[in-house]
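Novice: Let me give you the structure first, and then I'll get to my questions.
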Amino acid sequence: MNKLKKAIIPAAGLGTRFLPITKAVPKPMLSVLDKPTIQYIAEELSSVGIEDIVIVVSPGSDVIQRHFGKNQDLEDRLLSDGKTALYEIEKATRRFNVQFAVQEVPNGLAGAILCAEPYIGDEPFALLLGDELIYAGENDKPCMKRLAEIFESTGKSVIATMEVFGDDVSKYGNIGIANEEDGVMQVSAIVEKPSLAEALSNNAIIGRYVLSGKVMGMLKTLKPRNNEIYLTDALDTLAENGELLASCFEGKRYDVGDKFGYIKANVEFALMSKEIGEDTSAYIKELAKNLK
Ligand code: G1P
């Protein structure tokens, strides 16, 4: 009954921080190395076997649909040229079953999730925010797998968290923790982007969640504040009722919605690349010699 089958990726932000590139290219199509960020996020779902994904986009994001669709001419060309490795890379972009929901006006995270309601109904869903990549190394349990396991064994909603300090505390949703057992925390309360004094703990909410079937219904009843509907309001009710859990994650998080975070992701993925990793490493070492 608690089997997780669907996911929502809200990715409707206009990406104005990245202008001018985001004038004609939707932010989710910005690439880390050779792959758009939105594809990395969809691939995070492979660890839990989810293929049904709803991507919430802003109007005019057809290029994202093209990315996940079939390009017959390109496939024919790659095959006839004998470029089978590239053909496989291209084909991997259309292995997901993606639906697109358009968020006509920006009205908050819960507003974006509600755009996906026709595809989700009252089923549980994974929620992956489009501005973050969570990289799992060979020895790491992927973040979504960890969350799905906790949800499937408890039936409770679960969010991923990380420790933050100083000014960073105010950049994220913040959770109070009632107790913790085997790395699973019972969340007692939530406060969205608190001042340092208001923070309940050093645990920040990151953009990975598994939400139970009742959450969509809860979101429908929320009243907007400042023209936005806040997911936090529903999570807070879950927390009050003892129905919200949290867990740290293994691996590394990249904030690709931020210019510096985006550059870090590109540099580190280049260093990990089989194709250009060694050259990148040699280049950075050389470059560093002359850095002040
Ligand atoms: C959202 C959530 C916040 C969370 C953050 C993670 O905020 O509302 O609770 O900590 O994502 O990135 P946003 O960054 O969209 O303002």
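Values in this text are rule-based calculations from the coordinates and carry no lab data. Quantities reported herein were computed from a predicted structural model and do not represent experimental measurements. Methodologically, a virtual Cβ is constructed for each residue, glycine included, from the backbone with ideal geometry; neighbour enumeration extends over all protein chains shown.
Novice: Applying a 10 Å radius around every beta-carbon, put 144-153, 211-220 in order of their mean neighbour count, most first.
Specialist: Descending packing order for the listed peptides: 144-153, 211-220.
Novice: While we're here: Just grab the label-to-label distance for LEU33 and GLU163, each label 7 Å out from Cα along the Cβ direction, in nm (one decimal).
Specialist: Modelled inter-label distance: 3.0 nm.
Novice: Give the average over all directions of the projected area of the C-alpha convex hull of the chain, one decimal, in nm². Please report the intermediate quantities before stating the final value.
Specialist: Numbers: hull surface 71.6 nm².
The number I arrive at for the chain is 17.9 nm².
Novice: Oh, and also: Assuming R0 = 45 Å, can you tell me the calculated FRET efficiency for the pair GLU275 and ALA178, based on Cβ-Cβ distance, to the nearest 0.05?
Specialist: With a Förster radius of 45 Å, E is 0.40.
Novice: Give me the one-decimal nm value for the distance between modelled label points at ALA197 and GLU75, 7 Å along each residue's Cα-to-Cβ direction.
Specialist: Rounded to a tenth, the inter-label distance reads 6.1 nm.
Novice: Mind ordering 266-273, 154-161 by average Cβ neighbours within 10 Å, highest first?
Specialist: So the order, starting with the most tightly packed, is 154-161, 266-273.
Novice: Over region 140-259, what is the relative contact order in percent, taking alpha-carbon pairs closer than 8 angstrom and at least six residues apart?
Specialist: Relative contact order, region 140-259: 36 percent.
Novice: Given the pairs LYS6/LYS91; LYS145/LYS274; LYS5/LYS252; LYS223/LYS264, which are separated by over 28 angstrom at their Cα positions?
Specialist: With Cα atoms farther than 28 Å apart: LYS223/LYS264.
Novice: Hey, what did region 86-188 get for relative contact order, percent, Cα under 8 Å, at least 6 apart?
Specialist: 10 percent
Novice: Compute the separation of the alpha-carbon centres of region 29-107 and region 266-288 and state it in Å as a whole number.
Specialist: After rounding, the separation between the Cα centres reads 26 Å.
Novice: Go from 0 up to the bin containing the longest alpha carbon distance in region 216-271, width 10 Å each, and give me the % of pairs per bin.
Specialist: With 10 Å bins starting at 0, P(r) equals 19, 27, 27, 23, 4.
Novice: If the viscosity is 1.002 mPa s and the temperature 20 °C, what Stokes-Einstein diffusion coefficient in µm²/s follows for region 252-292 when Rh is the Kirkwood radius over Cα pairs? Kindly include the intermediate steps, with their values, before the conclusion.
Specialist: Details: Rh = 11.0 Å.
D, rounded to a whole number, is 195 µm²/s.
Novice: Percent relative contact order of the chain, based on C-alpha pairs within less than 8 angstrom and at least six residues apart?
Specialist: Numbers: 530 pairs, mean separation 62.7, N = 292.
Relative CO of the chain lands at 21 percent.
Novice: Another question, if that's okay. Considering every Cα-Cα pair within region 107-215, what fraction, in whole percent, is farther apart than 24 Å?
Specialist: Numbers: 1627 of 5886 pairs.
More than 24 Å apart: 28 percent of the Cα pairs in region 107-215.
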